[in-house]
1. Run residue 86 past the list (1) surrounded by fewer than 16 Cβ atoms within 10 Å (Cβ to Cβ); (2) within 29 Å of residue 168 (Cα to Cα); (3) touching a helix residue (DSSP H, G or I) at 6+ places or on another chain (Cβ under 8 Å); (4) modelled with pLDDT of 95 or more and report the number of the one that doesn't hold.
2. Six or more apart or on different chains, Cβ under 6 Å: which pairs go from a residue in region 181-208 that's at negative phi to one that's part of a loop (DSSP other than H, G, I, E, B) and at pLDDT below 75? Could you list them?
3. Inspect all residues belonging to region 108-115 and state whether any of them is modelled with pLDDT under 95, touching a helix residue (DSSP H, G or I) at 6+ places or on another chain (Cβ under 9 Å) and under 26 Å from residue 21 (Cα atoms).
4. Could you look through region 120-134, keep only residues that are more than 22 Å from residue 154 (Cβ to Cβ) and over 8 Å from the mean Cα position of the chain (by Cα), and pick out the one that is modelled with the lowest pLDDT?
5. Return yes when residue 34 is without any contact (Cβ under 8 Å) to a residue 60 or more places away in the chain and under 24 Å from residue 172 (Cα atoms) and no when it is not.
6. From the set of residues in region 135-174 that are touching a residue at least 40 places away in the same chain (Cβ under 8 Å) and more than 17 Å from residue 80 (Cβ to Cβ), which is farthest from the chain's Cα centre (by Cα)?
7. Kindly provide the set of residues from region 5-35 that are closer than 20 Å to residue 93 by Cβ and under 14 Å from the mean Cα position of the chain (by Cα), ordered by number.
8. Return the residues of region 95-108 that are surrounded by fewer than 23 Cβ atoms within 10 Å (Cβ to Cβ) and over 8 Å from the mean Cα position of the chain (by Cα); say none if nothing qualifies.
């Protein structure tokens with residue numbers, strides 16, 4: 001994963017509640033076991049008029065020009081602003097992979113599906129939950145400005161002269177700031193783990 005301390009860029013509003021993982025990326029694109037190459041199929045049922053499979057060239061497909069992510073400048077969005085319960089449904093990590101591959105670095109919503117929320121941190125996408133009033137402020141601002149700035153270090157969203165604070169577990173946030181997943185973090189303390197194991201065997205040799 002790439003590391004970053006700030007997210008600045010175009011924000012798109014998809015003002016729909018209960019967007020599930022099948023709408024984020026349909027099941028026909030889950031056959032690949034790779035973690036990359038899913039960005040072209042993000043919101044596939046909304047971005048295209050036709051039905052395809054993972055081997056279909058996107059250049060041959062019929063784009064839905066009414067969908068926001070097919071319109072400039074929103075086709076270069078880094079942030080999505082949406083409604084309640086984003087990422088509900090199945091536990092597929094492909095949903096986060098598709099967002100990340102498209103270029104999405106943060107999703108701002110009123111709430112998230114629990115498994116999707118945790119998968120975001122493991123794959124370099126920041127999920128931000130705001131209350132209804134705060135979310136409305138962000139939507140109103142983006143409707144006029146389109147660009148948004150998020151400070152990960154300060155845990156806030158900058159709107160003109162105001163800052164909207166958001167809550168997120170510091171340990172989870174560190175995975176995004178440092179670009180490390182749980183495996184990377186474990187490997188970074190491998191010396192401490194080896195030392196612990198060695199001392200434990202000295203104290204309890206019968207465990208060997």
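1. Result: residue 86 fails condition (1) only.
2. Final answer for the pair search is 201/208.
3. Residues of region 108-115 that are modelled with pLDDT under 95, as a first pass: none.
Looking for residues that are modelled with pLDDT under 95, touching a helix residue (DSSP H, G or I) at 6+ places or on another chain (Cβ under 9 Å) and under 26 Å from residue 21 (Cα atoms), one finds none in region 108-115, hence no.
4. Filtering region 120-134 for residues more than 22 Å from residue 154 (Cβ to Cβ) gives 122-123, 132.
With the extra rule that they be over 8 Å from the mean Cα position of the chain (by Cα), the set shrinks to 122, 132.
Details: 122: 90, 132: 96.
In this case the residue turns out to be 122.
5. Working: without any contact (Cβ under 8 Å) to a residue 60 or more places away in the chain: yes; under 24 Å from residue 172 (Cα atoms): yes.
Criteria met by residue 34.
6. Our first condition is that a residue be touching a residue at least 40 places away in the same chain (Cβ under 8 Å); within region 135-174, this holds for 135, 138-139, 142-143, 146-153, 157, 168, 172-173.
Remaining after also requiring more than 17 Å from residue 80 (Cβ to Cβ): 151, 153, 172-173.
Numbers: 151: 16, 153: 17, 172: 13, 173: 12 Å.
Checked region 135-174; the qualifying residue farthest from the chain's Cα centre (by Cα) is 153.
7. Of region 5-35, the ones closer than 20 Å to residue 93 by Cβ are 18-35.
Selection gives 19, 20, 21, 24, 25, 35.
8. Correct list: 101, 102, 103.
The values are calculated or read from the model by the stated rules, or taken from the named source; none is laboratory data. On a predicted model such as this, the values are computed, not experimentally measured, just so you know. Don't worry about glycine lacking a Cβ; one is built from the backbone with ideal geometry, like all the others, and counts go over all protein chains shown.
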